[in-house]
């Protein structure tokens, strides 16, 4: 499979998994605060990287404090924004570098394909932390492994 459609598929997975976790937190009798904070970071970080890619000012802090409602709204909006982004993206753009400043103010430049892979992997990493935190609070986390999504024809 070529890289461009694979990255689109990876972001379809990312969108599905983010919604699954936010819905699980919303339906929990008392969602753990650390889990909510971690998902706030996931969502805010995806926005942060998107704004870096399109060279727009960042709207959220890296560790944005979000309520469950904020998470739902922002995740819904972000899902559509990623769909639109990939709909307008040309495959040859993936190898182009994106220059940006990190949260420390340092100047960096990375290929778009590496940034997009980082976004997906970063989010998966923190969703794993949410699952662990939920389990530690006696809750059953949702199953968001990539292969599960593939088996269920969700991605």
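Where a number appears in this text, it was derived from the coordinates with a stated rule and is not lab data. What you are looking at is a predicted structure, and each value in this text was computed from that prediction instead of being measured.
A compact table of results
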read-out	value
Mean-position separation - Cα centroids, the stretch 78-114 and the stretch 17-47, in angstrom	24
Residue among 64, 56, 106 with the largest mean-square fluctuation in a Gaussian network model of the chain, springs linking Cα atoms under 10 Å	106
Residue of 104, 30, 96 that the Gaussian network model of the chain assigns the largest fluctuation, springs spanning Cα pairs under 10 Å	104
GNM flexibility winner over the chain from 133, 14, 92 (Cα, springs under 10 Å)	92
